[in-house]
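Bear in mind these aren't lab numbers, they're just calculated from the coordinates by the rules spelled out. Keep in mind that what you see is a predicted model, and the values were worked out from it rather than measured. Here Cβ is always computed from backbone atoms with ideal geometry, including for glycine, and neighbour counts include all displayed protein chains.
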Amino acid sequence: MKYLGWIVAAGFAGLSAYLAYAFIYQGRVAPGEDERTAIVVSADERRFILAEMRAFLEDVENIIQGVVRGDMAAVAKAAKNSGMATTHNVPGSLRGKLPLEFKRLGFDTHKRFDAIAEEAAAMADKNKILEMLGDTLSNCTACHASYSLKAD
């Protein structure tokens, strides 16, 4: 009986560590049909992620068109549309399913869009904006090369 409290505490600590690993680091993943890791999500969560990726692509298109026209206000607006503010819309059920590296790439991508918006509003250097956009797209390429989505 003397050690029961310690045993229970150790059990809770172990359980907490496992849950942190599963929900923060690992996420809900499975082997993919190709060399990528499949992230297992509900059909609604899959639609949410795909819609966010389409929004990225639409904003990239609008950024490029804005740069070509010299319309830095349009560039800033399009970049801001995919910035960090959009991360507040992620369903809570999805947060624990995404592996940590996927989250890192996602947050970094949103931050990079915010940086493009800041550049467009401040210096408005077209070449710098295109360079930043190219770097941002490398995150998209890395993510698509590493992950696929699988509805459960």
Completion exercise
Counting sequence-distant residues (5 or more places) and residues on other chains, those with an amide H built under 5 Å from that of Thr37 are Tyr147, Ser148
Handout entry: Estimated FRET transfer efficiency (Leu137, Val40; beta-carbon r; R0 25 Å; 0.05)
Key = 0.45
Exercise for the section: Please sort 122-131, 86-95 by packing, taking for each peptide the average over its residues of neighbouring beta carbons within 10 angstrom, highest first. Expected result: 122-131, 86-95
Practice task
Counting other Cβ atoms within 10 Å, keep those with at most 11, restrict to DSSP loop, and tell me which GluC sites (Glu not before Pro) in region 30-123 are left.
Solution key: Glu33, Glu35
Practice task
Kindly count the pairs of lysines across region 90-152 whose alpha carbons are less than 28 Å apart, treating pairs on different chains or eight or more residues apart as eligible.
Solution key: 8
Fill in the blank from the handout: His144 and Met123 label points (each 7 Å along its Cα→Cβ direction) are spaced in nm at 2.8
Practice task
If a/c stays under 1.5 just call it rounded; otherwise compare a/b with b/c (prolate if a/b is bigger, oblate if not). Do that for region 84-152, with a ≥ b ≥ c from the square roots of the Cα gyration tensor eigenvalues.
Solution key: oblate
Fill in the blank from the handout: Given backbone amide H placed at 1.01 Å from N, residues whose amide H is under 5 Å from that of Val29, ignoring those fewer than 5 places away on the same chain, are Val40
